[in-house]
1. Does GLU54 satisfy being charged (D, E, K, R), in a loop (DSSP other than H, G, I, E, B), more than 10 Å from the ligand (Cβ to nearest atom) and within 30 Å of ALA180 (Cβ to Cβ)?
2. Any residue at all in the range 60-72 that's assigned to a loop (DSSP other than H, G, I, E, B) and either crowded, with 19+ Cβ neighbours inside 10 Å or within 11 Å of the ligand (Cβ to nearest atom) (or both)?
3. Across the range 32-51, what is the total count of residues that are without any contact (Cβ under 8 Å) to a residue 40 or more places away in the chain and assigned to a loop (DSSP other than H, G, I, E, B)?
4. Suppose we filter the range 153-163 for residues that are crowded, with 19+ Cβ neighbours inside 10 Å and part of a helix (DSSP H, G or I); how many remain?
5. Collect the residues in the range 221-242 that are among the small types (Gly, Ala, Ser) and buried (at least 19 other Cβ atoms within 10 Å of the Cβ), keeping them in residue-number order.
6. Has the range 79-92 got any residue that is assigned to a loop (DSSP other than H, G, I, E, B), within 14 Å of the ligand (Cβ to nearest atom), free of Cβ contacts under 8 Å to residues at least 60 places away in the same chain and touching a strand residue (DSSP E or B) at 6+ places or on another chain (Cβ under 6 Å)?
7. How many residues are outside any helix (DSSP H, G or I) and either within 21 Å of THR165 (Cβ to Cβ) or β-branched (Val, Ile, Thr) (or both) when one looks only at the range 194-221?
8. If we keep just the residues of the range 116-145 that are open to solvent by less than 30 Å² (accessible area, probe 1.4 Å), part of a helix (DSSP H, G or I) and over 12 Å from PRO15 (Cα atoms), which is farthest from the ligand (Cβ to nearest atom)?
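The values are calculated or read from the model by the stated rules, or taken from the named source; none is laboratory data. Everything quoted here is computed from the prediction, not taken from an experiment. Note that each Cβ is placed from the backbone with ideal geometry, even for glycine, and that neighbours are counted across all protein chains shown. For accessibility, only protein heavy atoms count, side chains too; no ligands or nucleic acids. Shrake-Rupley method; radii C 1.70, N 1.55, O 1.52, S 1.80 Å.
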Amino acid sequence: MALQRIWINNTMSRPEDIANHVLNRLNIRIEEDLLLLDEIVNARGALIHECSMEGAEARLLIGPGKPIISVSTSNYINPYRRRFSIVHELGHLEMHRGNGLMRSCTKLDIQELPAGNSVDAEQEANQFASAFLIPARFVERPFAENAPSFDLISEWSEKLQTSLTATALRFTRFTLEPVAVVYSFQGKIQYFQPSSEFTELGVFPDVNHPVGLNTGARMLFNRKEVSRQWHEVRAAEWFRENRDAFDRGDTIRELSIGMPNYDAVLSLLWVHEPLGQKDDW
Ligand SMILES: [Zn+2]
């Protein structure tokens, strides 16, 4: 039986490994294959059903027949987000099949931020969706070999039909540069995702605080034009004060783009020169 064949033991828990395993089973070798989500879900023994839904964005139903992934038809959900939601549910099917017959996932459950250490099932499904839709097999080399830029990230976002935010967050997983992606909402830093090189620097964007006054992000929130290129800004405009990690006069590079529909700004921060060598506090 097909469903037996696709069963994956819960003990194999890293969502990225499981996503890779499923991609291998599906023999996904070119980007275009990933666009055929109906076929993918069918090949994994389930069906996609589009319907109006209250209080949920997507749902997984495991009944006597084939498992059904329902996804909301709401106009507020753009096609990229809908893809992410479907694969989030596929992640539940692949990883959490034994945990119940029905799972309803809300807007808050389905998040593009692949939060690091949590073992929560929703986080795992999000990590699965990110690793499946933006797979290492396609992006690892281009992300590692090219300089950080939104041109590169948008190119892959369009190719894979994933949101700019999801693709940018995934970029941090593979770039070899000390880069962080920062998501700000209504003028405040909401979260950030660092690359591993960035993590080693010991600097932290100031989460829950307003974006710095002299940043491109601030200009975008003030509805000013900002050219889509790297700008030098003071490190102190972005990072929580830490005299051990950087100096007052240190600069970093910032590239921000506005997402006015969400009242949000997405920023790339690139520490292109060593920090903390001037000791000028
Ligand atoms: Zn979920």
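1. No: the conditions fail for GLU54.
2. At the first step, the residues of the range 60-72 found to be assigned to a loop (DSSP other than H, G, I, E, B) are 62-67.
Filter once more, keeping what is either crowded, with 19+ Cβ neighbours inside 10 Å or within 11 Å of the ligand (Cβ to nearest atom) (or both): 62, 67.
Within the range 60-72, one or more residues are assigned to a loop (DSSP other than H, G, I, E, B) and either crowded, with 19+ Cβ neighbours inside 10 Å or within 11 Å of the ligand (Cβ to nearest atom) (or both).
3. Step one: filter the range 32-51 for residues without any contact (Cβ under 8 Å) to a residue 40 or more places away in the chain, giving 32-33, 36, 38-39, 42-43, 47-51.
Now narrow it down to the ones that are assigned to a loop (DSSP other than H, G, I, E, B): 36.
Here the count works out to 1.
4. Residues meeting the conditions: 4.
5. Filtering the range 221-242 down to residues among the small types (Gly, Ala, Ser) leaves 227, 235-236.
Listed by number, the residues that qualify are ALA235, ALA236.
6. Of all residues in the range 79-92, those assigned to a loop (DSSP other than H, G, I, E, B) come to none.
No, every residue in the range 79-92 fails to be assigned to a loop (DSSP other than H, G, I, E, B), within 14 Å of the ligand (Cβ to nearest atom), free of Cβ contacts under 8 Å to residues at least 60 places away in the same chain and touching a strand residue (DSSP E or B) at 6+ places or on another chain (Cβ under 6 Å).
7. Pass one, the range 194-221, residues outside any helix (DSSP H, G or I): 194-195, 200-215.
Cutting the leftovers down to either within 21 Å of THR165 (Cβ to Cβ) or β-branched (Val, Ile, Thr) (or both) gives us 194-195, 203-212, 215.
Count: 13.
8. The extreme case among them is PRO142.
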